[in-house]
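Structure first, then comments.
Only the coordinates and a few stated rules stand behind these numbers; no lab work does. Nothing here was measured: the structure is a model prediction, and the numbers come from that model. Counting neighbours? That spans all protein chains shown, and the Cβs are built from the backbone with ideal geometry, glycine included.
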Amino acid sequence: MPTYFHHDGAYPTPETDKNAALRFLANYTKRIDSADYSTSYLPYYHPKAVFHDATGVDYVGGQAIWSWITNLFAPFSKIYMETRHILVTSHEDGTHEIFCEWYAHFWPKGSEGDERKVSIPRAMVFKLGHAEGDGSDGEVGFEGLQIVDARLYYDRSLLLPLLVRSQQEKEKFGH
């Protein structure tokens, strides 16, 4: 039988640290917020993961997702995912769904302070599954978990013209 956990506001907290899915999410958002994506995708994404972007483009495979994230966030020196609400559904087989509501704050490279910061409400749904490697060396998963499916909802137009369009977006929508 599934179990449910909800949290409002900032995390990690002693309460959220007791939840495996939220420990994973805290580790993942720490990496995203760092704006440093020079690591492997394997601590975060399953080799066969699918990421459904708000544009309608699906990125398939952990490496493709990580490359897209790296290019998407390249214009930013810092990112901060301000947590509003999280709901976790945990299943007996060790898998989880995480429903998140955030305010995402983006600082363009070369900006000082908050004068050019862009803040956008975002919603995401993550499905976490058991970690698997791809045959390469390095860390696989975090505490045995990886993202196997992700859905992102937000108004990307608020970040234009800062964003670089992916090859998949160009193919789907033209130049």
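Descriptive notes on the structure:
- Relative to the dominant Cα principal axis of the chain, helix 20-34 is inclined by about 20°.
- Under 12 Å, Cα to Cα: Lys pairs in the chain, sequence gap 8 or more or different chains: 4
- The stretch 64-74 - phi-based ³J(HN,Hα) in whole Hz, Karplus 6.51/-1.76/1.60, Gly and Pro as x: 5, 5, 5, 5, 4, 4, 4, 6, 4, 9, 4
- The stretch 18-175, relative contact order in percent, only Cα pairs under 8 angstrom and at least six apart counted: 27 percent
- With at most 12 other Cβ atoms within 10 Å, longest stretch of the chain clear of loop GluC sites (Glu not before Pro) (DSSP): 16-91
- Charge tally around residue 42: other residues with Cβ under 11 Å, Lys/Arg +1 each, Asp/Glu -1 each, net -4.
- Annotation: amide H of residue 149 within the under-5 Å range of 50, 127, sequence separation 5 or more or interchain, hydrogens built in the peptide plane.
- Cut-off under 5 Å, modelled amide H: who pairs with residue 84 long-range: 9, 101, 102, 103
- Structure-derived Cα extents along the principal axes in Å: which label, when the choices are (i) 65, 52, 42; (ii) 71, 35, 26; (iii) 46, 36, 28: (iii)
- Computed [θ] at 222 nm, deg cm²/dmol, the chain (DSSP H ≥ 4; -39,500 (n - 2.57); rounded to nearest 500): -5500 deg cm²/dmol
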